[in-house]
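Below you'll find the structure, written out as structure tokens, and then a few comments.
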Amino acid sequence: MSKRVLIITYYWPPAGGAGVQRWLKFVKYLPEFGWKPVVYTVKDGEYPALDPSLEKDVPPGITVIRRKIFEPYLYYKKFIGQNPSQKIQAGFLSEEEKPRRKERIARWIRGNLFIPDARRFWIRPSIRFLTRYLRKHPVDVIVSTGPPHSMHLIALGLKKKLKIPWVADFRDPWTQIDFYQELHLTRWADKKHQRLEREVVLHSDGIITVTRTMLEEFKKLGARNCHFIPNGFDSDDLPSEPLSPPEKFIITHAGSINPDRNPETLWKVLEEMTKDPIFAKALEIRLIGHVDVSVKRSIHEHHLESFTRFIPYLPHEEVLKAERQAAVLLLLINQTPNARGILTGKLFEYLAVGRPILLLGPIDGEAAVILKETGRGDVAAYHDVKTIETIVRSFFKSFTGGNPFNAGKKNINKYHRKTLTKELSSLLLTCCYNNSLRNISSR
């Protein structure tokens, strides 16, 4: 008989992006391992992007509960002079210039008044609703996934009331997130963020993280039963036909580029290399998704505008097609103090696509380790001009046929979504079993 798992997530189709795909894919494959998922999510959320095409991965018969949410973003948009129809981007990414003073004030309000985040107004109504629902429709385990970390506080409230085993999944850190200092927190607000994070970590029956670095950080907070389950790829998303040679030397980046990911050194290298008419004729840069105004400015300063195509956010299936057309897939790690521990979900999709990858970031970081392990590309530090140029020239030589790139034969199936879901299933079963033992011993 199938076990039931309640998954509390803010991001769910029609929302788009990597945060959606992680749990969408888990839900897709969990039934194969004896689980019946129930998804609790928002109705008409403030999503950075929409991608209705992802709905096809929702298994038939899955219960999806959508509840209205109050979010103060309309007031935020009015305050900074943003059109109400425009989307709020994560990580302070801005596609156009904004009043700096108003933006700083808005960040202060966000960090100090909306704790842990702007979805805090959904916590109490959700606890009340789900308490009633779960008493009529019991589940064996609860999973919350954040950010937004308000989802964890909903699960925490249910844990205290109903004593159901609970696993907290962290797709990003909480107080260790790279932009935490940019929230300009008061001492009181910082302590509250720290206290809530610690309460979630200590009360949950299991912690899942997408990086090993995050795992160690939560262990220091006293977390028990910690597990590293990274993001991955789904072979079902990939076309069956083999890759064909790219028509131009296309360098493609898929996903948002915020100021911390702006690859200034790469732009400098490409500017210099375009002095060669052969390279200039072949080069095309494709940036798919939201690009910060500072990145656009940098491209302009390096005279690369004529080589660059800014492509708006695309549905996931269209992104995969664009990635397969590339000669090189560009992966950018944030230039922040926690860069070594960043393991972006885009890496695993790039691995599955099979094109050579240029990773800019810490050469000993978690993403670099996996790229070297799989033999699917090369790594350079952000400001290492010589290495970046060497790698680009090598890839260009491969493109022109002088030295075909070998994508590597190493097995990447351990990063398949189905394999990762099997790991998740084992963790959930362990939590259920341990909870049963505690109930027996307390009688």
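Of all lysines in the structure, those lying under 20 Å Cα to Cα from K191, and not within fewer than 8 positions of it along the same chain, are K219, K220. Please compare each pair in K136/K163; K36/K161; K36/K160; K321/K386; K36/K418; K268/K386 to a cut-off of 20 Å on the Cα-Cα distance and tell me which ones are over it. K36/K161; K36/K160; K321/K386, as the Cα separations exceed 20 Å there.
Equivalent-ellipsoid semi-axes for the stretch 235-400 (Cα gyration tensor, √(5λ), whole Å, largest first): 21, 20, 17. The stretch 152-211 and the stretch 1-36 have Cα centres separated by 20 Å. Distance between the 7 Å Cα→Cβ label points at S240 and K410: 3.0 nm. Between E318 and R393, residue separation times 0.36 nm minus the direct Cα-Cα distance comes to 24.2 nm. Highest mean first, the peptides 245-253, 322-330 sorted by other C-beta atoms within 10 Å per residue fall in the order 322-330, 245-253. Secondary structure note: in the chain, about 0% of the DSSP beta bridges are antiparallel. Note on K191/M1: beta-carbon distance plugged into 1/(1 + (r/R0)^6) with R0 of 51 Å gives a FRET efficiency of 0.65.
For the chain, the residue among Y133, T430, P337 whose Cα projects farthest onto the positive side of the dipole built from Cβ charges is Y133.
Extension gain, E305 to R198: 0.36 nm times the residue separation minus the Cα-Cα distance gives 33.8 nm.
One chain, two ends: F179 and L221. Fully extended at 0.36 nm per residue, the span grows by 13.1 nm beyond their Cα-Cα distance. Taking the charge dipole of the chain about its Cα centre, with +1 at Lys and Arg Cβ atoms and -1 at Asp and Glu Cβ atoms, the residue from H149, P246, I363 reaching farthest to the positive side is H149. Matching the structure-derived Kirkwood radius over Cα pairs in Å against the labelled list [x] 24.8; [y] 23.1; [z] 22.5 gives the label [y]. Under the convention that each Lys and Arg Cβ holds +1 and each Asp and Glu Cβ holds -1, the size of the dipole of the chain around its Cα centre is about 2280 debye. Taken over the stretch 226-305, the alpha-carbon convex hull comes to 147 cubic angstrom per residue.
The modelled label-to-label distance for the pair S426/K68, using points 7 Å beyond Cα in the direction of Cβ, is 4.5 nm. Close amide H contacts of G17 (hydrogens built in the peptide plane, cut-off under 5 Å, sequence separation of 5 or more or a different chain): none are found.
Here the stretch 235-400 is assigned +1 on the Cβ of each Lys and Arg and -1 on the Cβ of each Asp and Glu. Its dipole about the Cα centre then comes out at about 340 debye.
Values quoted throughout were computed directly from the atomic coordinates according to the rules given, and no laboratory measurement underlies them. Every value quoted in this text rests on a predicted model; they were computed, and no experiment measured them. For neighbour counting, all protein chains shown are included, and Cβ atoms are generated from backbone atoms with ideal geometry for every residue, glycine included.
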